[in-house]
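Worksheet: the structure to be examined is printed underneath.
Just so you know, all these numbers are worked out from the coordinates, no wet-lab data involved. Owing to the predicted nature of the structure, the values given are computational and were not obtained by experimental measurement. Here the Cβ positions follow ideal geometry from the backbone for every residue, glycine too, while neighbour counts run over all protein chains shown.
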Amino acid sequence: MARMKFLCDADRCIECNACVTACKNEHDVPWGINRRRVVTINDGKPGERSVSMACMHCTDAPCAAVCPVDCFYTTADAVVLHSKDLCIGCGYCFYACPFGAPQYPRVANFGSRGKMDKCTFCAAGPEADSTEAEYAKYGANRLAEGKLPLCAEMCSTKSLLAGDGEIIAAIYKERVTQRGYGSGAWGWQTAYRETVEV
Amino acid sequence: MQDERQSALSRRNFLRAFGGASTAAVATAAFVPTEAHAYDPGEEETRARYQETDHVKTFYRVNGYPKGK
């Protein structure tokens, strides 16, 4: 069974934010919510690096572990989804998530935040596939249409990869082999030395 | 005086007895343990949506290096 994964090739990301825009447009994401965003470190300095971040659809998702109403579930293709009918907007998942993926539509009195919203890997939610009700709550269901997340499909530099974990890992491995060095991520040289030996 | 105290006590006893019985009844009804049910989305909702269509294969092909080089 294929396991859905995102992989951002930080050597290729040019911080164009097309993934962010594509996501917001495809799912009609309301103001104040970014299901995906681009994080840049060392901005304007040598060694600047950008990486596109969203829900990473963790295998043992900490958001699901802390949810008091147990509204998260993992699909057979390893996409972490949630039910907005059950979500009480408590915000625990936001504190638990190491990627800051869960977002809330409003900040109001008495800590009211509204229903949590996050990247769905373009697989929407528990409603019937590709219905209006599903779109209104979770956005488009591209996976059911035989497509992949639009953020990855729109990426101008082919930095953001999405799909079957084994296939995109093989694509990334081929890139690393071709260019002769790794991602520059912390710990890369410790793990793989200066150059890549395959 | 004695009668007044007696009647007052009986009133209190009545309230205490009545209140205690009703509280116990409410408590019994409220704390009957029921089995907790986690959200079970069902097989239809959790089934795999991913399909390796031509569209998806094209994505993989254009993201990799051209074959045969």
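Quick notes on this one:
- Other protein chain Cβ atoms within 10 Å, averaged over every residue that makes up A:67-79: 4
- Average other protein chain Cβ within 10 Å of Cβ, residues B:51-62: 5
- Pairwise label distance in nanometres, B:ARG47 with A:GLN178, each label 7 Å out on the Cα-Cβ vector: 3.7 nm
- Computed [θ] at 222 nm, deg cm²/dmol, chain A (DSSP H ≥ 4; -39,500 (n - 2.57); rounded to nearest 500): -7000 deg cm²/dmol
- Amide proton proximity set for A:MET53, modelled H, under 5 Å, gap of 5+: A:ARG37, A:VAL38, A:VAL39
- Pairs beyond 31 Å (Cα-Cα), from A:LYS137/B:LYS67; A:LYS115/A:LYS173; A:LYS45/A:LYS137; A:LYS147/A:LYS173: A:LYS137/B:LYS67; A:LYS115/A:LYS173; A:LYS45/A:LYS137
- Percentage, to the nearest whole number, of Cα pairs in chain A over 30 Å apart: 23 percent
- The HN-Hα couplings worked out from phi for the range A:8-13 by the Karplus form 6.51 cos²θ - 1.76 cosθ + 1.60 (θ = phi - 60°) are 9, 7, 5, 6, 9, 5 Hz, whole numbers, x standing for Gly and Pro.
- 0 to 90° range, to nearest 10: angle between helix A:165-179 axis and chain A longest Cα axis: 30 degrees
- For the segment A:86-93, counting C-beta atoms of other chains within 10 Å of every residue's C-beta and taking the mean gives 0.
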